[in-house]
Amino acid sequence: MVKSPHPEADAAPRAYGGVAADERRSRRRAALLDAALDLLAEDGAPAVTKRAVCARARLNDRYFYDLFADRDALLAALAEELTAQGIAAVVTATHAAAADIHSQVHAAADAALGFLVADPRRHALLLDAHSTAALQTARLATQHAIADAMAAVGRELRPDPDHDPLDAAMSAYALVSGALELVAAWMRGEFDTTRDQLTDLIARQLLQAAEPPRSGGFVSRPGDPFPPAATED
């Protein structure tokens, strides 16, 4: 019998300290992502280097390259991870809300704000403007992912076989990108308002997009910044 020149490759992944290899790898990935988010929030994109991330995570460089090709890949993975967590929080809150559309949309807006407020570091990646191409690409990908999820919810709440999917996608993107900019400005202190008031405003905007048009055109609600123009009889 010929022995393999690399017997360790033929063996099943070993567990150390009762922790399987896949679990250890998952923990290292989480530690590197968390370290990158720390550094980004503290000192911006220039602070997020492979050496700094590994030092903060207390991991050897080889673990970094086992998981990420380079820093840009790490930042892309971080944005994807946070976006997925945020969408999951919104979906969970929506499903837990009452069945009417107003309750579900308000729950979605409140959950999205809650996700950002719960960890102030998150807005450094998801809301702040970035000078590096990798972070800007990640931010745009986040906006598109949230818009896609919102458009899907809109189709579920308002089935309409004649509705143009492209119109829905563009409308969702306009709403999401605008809402994210508004939340970023609020978190920077540019608007002196409460989280509840901001949630109500965003929910009203989302409802205008999710509800079917009413006869007679646009119907304003209290607090709408642009009431419908008067028409002649």
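The values are calculated or read from the model by the stated rules, or taken from the named source; none is laboratory data. Predicted, not measured: the structure shown is a model, and the values here were computed from it. Reconstructed Cβ throughout: ideal geometry from the backbone, glycine too, with neighbour counts over all protein chains shown.
Worth a mention:
- Leu135 surrounded by 15 or more Cβ atoms within 10 Å (Cβ to Cβ) and either at pLDDT below 85 or more than 16 Å from His95 (Cα to Cα) (or both): yes
- In the set (1) at pLDDT below 90; (2) farther than 19 Å from Leu33 by Cβ; (3) crowded, with 19+ Cβ neighbours inside 10 Å, Thr142 fails one condition alone, (2).
- Just one of the listed residues (Ala108, Ala151, Ala99, Ala168) is farther than 30 Å from Ala21 by Cβ, over 12 Å from the mean Cα position of the chain (by Cα) and assigned to a loop (DSSP other than H, G, I, E, B), and it is Ala99.
- Matching residues in segment 37-63 - criterion: being surrounded by 13 or more Cβ atoms within 10 Å (Cβ to Cβ) and outside any helix (DSSP H, G or I): Gly44, Val48, Thr49, Leu59
- If the condition is being without any contact (Cβ under 8 Å) to a residue 60 or more places away in the chain and in a helix (DSSP H, G or I), then segment 64-74 contributes Phe64, Tyr65, Asp66, Leu67, Ala73, Leu74.
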